[in-house]
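Just so it is clear, none of the values below were taken in a lab; they were calculated from the coordinates. This one's a predicted model, so the numbers in the text were calculated from it and none came from an experiment. Note that each Cβ is placed from the backbone with ideal geometry, even for glycine, and that neighbours are counted across all protein chains shown.
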Amino acid sequence: MINVFLALAGLALTIPASAQAVEAAKSSKPQPTQSKPTQSKPAKPKPAKPKPSQPKRTEAVVEVTQSAAMMRVADWVAASGDNGSLPYIIIDKPNAALFLFDATGKALGQAPVLIGVAVGDDATPGIGSKNLAEIGPAEKTTPAGRFLAKYGLAAGKQKVLWVDYATSVALHPIPTGASKKERRRQRMLSPTSDDNRITFGCINVPDSFYAKSVRPLFQKKGGYVYILPDTKPIETVFPELLAQPVANGGTR
């Protein structure tokens, strides 16, 4: 009887031990690790196909005519030194063209110009004291002659090259406030000079030519501007030409 009791007691003691061993064995098993989701790398953007290069916009080049009259005046100024060691410009009104020279008579460039609406060689008396709205179509002339031009202020405190201050004739680029209906830029770039008469009498020149060529040359001491006539004989405007031999192909 005692042996049975002892056997039962031993059995009771061995049961929890076995359970603890099982639990320990379970805990000792390696736990499955949770694998981190693999993040796919973002696809690299495909390089954009190069767009065909666009040609740079360039300002149209307008050919101007070197007339016999212009060449005659240029030869006279260079030979006589009439420019007084200053740079000078020759405006050929019939061909709406400008020719730029340095103080030694070296040709530096040429460009188309816009001039007064009316054909004529004399400024209307008192035109310089009128407002633009008071100037009639027949008064919008660019006078012919020899002028000592210098920089000075105009309306709006803008500096311009005054050709003849008394008659309000200046040389400058196309005004920013000019009416679009006048189509001044299109007129200046047209291949003909027939449509270049549009201003009140001032001489409009291309912006880049004015900034890069005219202003640097004239801004310190000024210079001379020779404007060829529309209707008058050229010798009437420039009497000194009478003493100059006429070049081949030239006419008086």
For L108, distant residues with modelled amide H under 5 Å away: L100, F101, D102
Amide H of K159 versus every other amide H placed in the peptide plane: which residues, excluding those fewer than 5 positions away on the same chain, fall under 5 Å? A154
Can you work out the Karplus-derived ³J(HN,Hα) for every residue in the stretch 230-244? Use 6.51 cos²θ - 1.76 cosθ + 1.60 with θ = phi - 60°, whole Hz, and x for glycine or proline. 7, 10, 6, x, 5, 5, 5, 7, 10, x, 4, 5, 5, 8, 9
Using θ = phi - 60° and the Karplus relation 6.51 cos²θ - 1.76 cosθ + 1.60, list the HN-Hα couplings for the stretch 198-204 in order, rounded to whole Hz, with x at every Gly or Pro. 8, 8, 7, x, 6, 10, 9
Non-local amide H neighbours of A144 (under 5 Å, H modeled in plane, Pro and chain starts lacking H): which ones? D122
Residue-ordered couplings for the stretch 134-143, obtained by feeding phi - 60° into the Karplus form 6.51 cos²θ - 1.76 cosθ + 1.60 and rounding to whole Hz (Gly and Pro as x), are 8, 8, x, x, 6, 8, 7, 10, 9, x
Sorted on mean Cβ neighbours within 10 Å (highest first), peptides 183-195, 214-226 come out as 214-226, 183-195
In this structure, the FRET efficiency calculated for L108 and K232 from their beta-carbon separation, with R0 = 22 Å, to the nearest 0.05, is 0.20
Please identify every one of the trypsin sites (Lys or Arg not before Pro) in the stretch 55-160 that sits in a loop by DSSP and has no more than 12 other beta carbons within 10 Å of its own beta carbon. K56, R57, K106
